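Student: Sharing a structure below in C-alpha cells format, with a few things to ask.
Derivation of every value follows stated rules applied to the coordinates shown; laboratory data play no part. Predicted model, so just to flag it, every value in this text is computed and none were measured. All Cβ positions, even for glycine, are placed from backbone atoms using ideal geometry, and neighbour counts span all protein chains on display.
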Amino acid sequence: MAETITQAARILAALATAFGLTLLVILLAHQDPQAALSALASGAFGSPYAIAETLTKTIPLLLTGLGVAIAFRARLWNIGGEGQFLVGALAASALGAYVLKSLPAFVLIPLMLLAGSAAGALWAGLAGWMRTARGVPEVISTIMLNFIAAQLLSYLLHGPMQERAHAQPASEALPLTATLPSLWPGTTLHWGLLIALGMAGVVAVFLFRTRAGFALKLVGANPEAARAAGVDVAETRLTTMLWSGGLCGLAGAVELSGVVGTLYENYSPGYGFAAVAVALLGRLNPWGIFASALFFGALNAGSGSMERSAGISANLSYVLQAITLLVLLAFQWIRWTPRRVIVPESTP
C-alpha cells in the first residue's frame, strides 16, 4: 500500500511539474497560459462530443501502451510499436477492403482484428527471433522495422492496394460491414473502447494471475534466476514479443475499422511512439496504463480546440507529452521516503 501511494505521489508530482514547465513555455512564446489550458480542457471534456473524442483517442494509446508494457516487463525494449501498428492496419485493410469484403459483419470484423493482431505479432516476432537466435538488440531491430513498415505501406498504397481511381496514395474504403459499430451515437466513439478495456483486463490477469506472466516478469527481473528456476528464457522472450506486437497490431486494425476507414500514407499520428510514454507513465500496470492513455488522449483531443480558440499550435500537446516523460524519468531518481538517520550512542 505504501509503495502504491509513493508511486501515485511521484506521478502526480511529475504531472504538476510538467504542467508548470509547459506554462513557462507558453509564456516564453508570449501567449496566454490561462486561455491555452482553458481551451485544452474544453476540447477534451467540455461537451459530450469532446468526451467521446477523448475516449476515441484513448483506444489506440491504450492498446499500444499495453503492448509496449508487456515487452518492458520482460526487459525487452520494444520501440517498434509504430511499425506493428502500421502492419496491423495493412492486414486489416487487405482483408476488409479487398479479399473478404463480401462477408457479413459478424464474420468480417473479427477476422480483420485477428489479422491485424497476427501481423503485428509477426512483425515484433521478427525482432524477437533476431534477439533470441542472433543476439541482435531489439532496440535496434524494432526501430529499423518501423522504417520498413512505413516504406511497405507507401509501396502498397502506390501500387497493389491503391484505390481504383488512382487519384491518391490510399486504399479502398472499408465497406460498412467492416466498420466497428458506434458505441455513442452521434459521436466518434466506437466498440473499440470495449475491446481495449477487455484487453487491459486480459493483460492484467496474464501478468498477475498466470504462471506464464510470472515467468515473463522473472525473466525481466533476473534471467539467470529464471533459468535456474527452469524457465526457458529464449522462448519466454520470443513469446513476449509476439504478445507485444499482437496488441500493437490490434490497435492499428481497431483504429482503421473504428475511425479511419481508409488506409493512407502517414496513417499513424505516432501512436506507436507515444505508447512508450503511456506505458512508463502508467508504471507498466494495465490499469495505470488506462489512466495514462486517457491523459494523453485528452491532450490529443484538446489540442485542436486549443489551436482554434487560443491560437496556440496543437504541437504544444506533444511538447507537454515530452516534458511529462522527461520529468517522470527524472523523478525516478528522487527518494520519497526519508532516510533513517542513525545517531551513534554516546560513550560514558
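Student: Two decimals is fine: what's Rg over Rh for the chain, C-alpha atoms, Kirkwood radius as Rh?
Tutor: Reported Rg/Rh, Kirkwood definition of Rh: 1.03.
Student: Semi-axes of the equivalent ellipsoid of the range 207-299: what are they in whole Å, largest first, if each equals the square root of 5 times a C-alpha gyration tensor eigenvalue?
Tutor: Semi-axes from the Cα gyration tensor: 31, 16, 11 Å.
Student: May I pose another question? Using the Cα centre as the reference, give the magnitude of the dipole from point charges on the C-beta atoms of the range 2-331 (Lys, Arg: +1; Asp, Glu: -1; all else neutral), rounded to the nearest 20 debye.
Tutor: For the range 2-331, the charge dipole is close to 680 debye.
Student: Within the range 101-196, which trypsin sites (Lys or Arg not before Pro) sit in a loop by DSSP and count at most 16 neighbouring Cβ atoms inside 10 Å?
Tutor: Those that pass, being in a loop and sparsely packed, are Lys101, Arg164.
Student: Once you have the Cα-Cα distance between Thr6 and Leu326, take 0.36 nm times their residue separation minus that, and quote the gain in nm to one decimal.
Tutor: 113.3 nm
Student: Of Gly304, Pro110, Leu28, whose Cα points farthest to the positive end of the dipole of the range 2-331 (charges on the beta-carbon: +1 Lys, Arg; -1 Asp, Glu; origin at the Cα centre)?
Tutor: Selected residue: Pro110.
Student: Right, another one. How big is the range 256-337 by the Kirkwood estimate over distinct Cα pairs, in Å?
Tutor: Result for the range 256-337 stands at 14.4 Å.
Student: Further question on the same structure: For the range 140-170 and the range 249-275, what is the centre-to-centre distance using only Cα atoms, to the nearest Å?
Tutor: Between the Cα centre of the range 140-170 and that of the range 249-275, the gap is 13 Å.
Student: Counting Lys +1, Arg +1, Asp -1, Glu -1, what net charge surrounds Tyr271 among other residues with beta carbon under 12 Å of its beta carbon?
Tutor: -1
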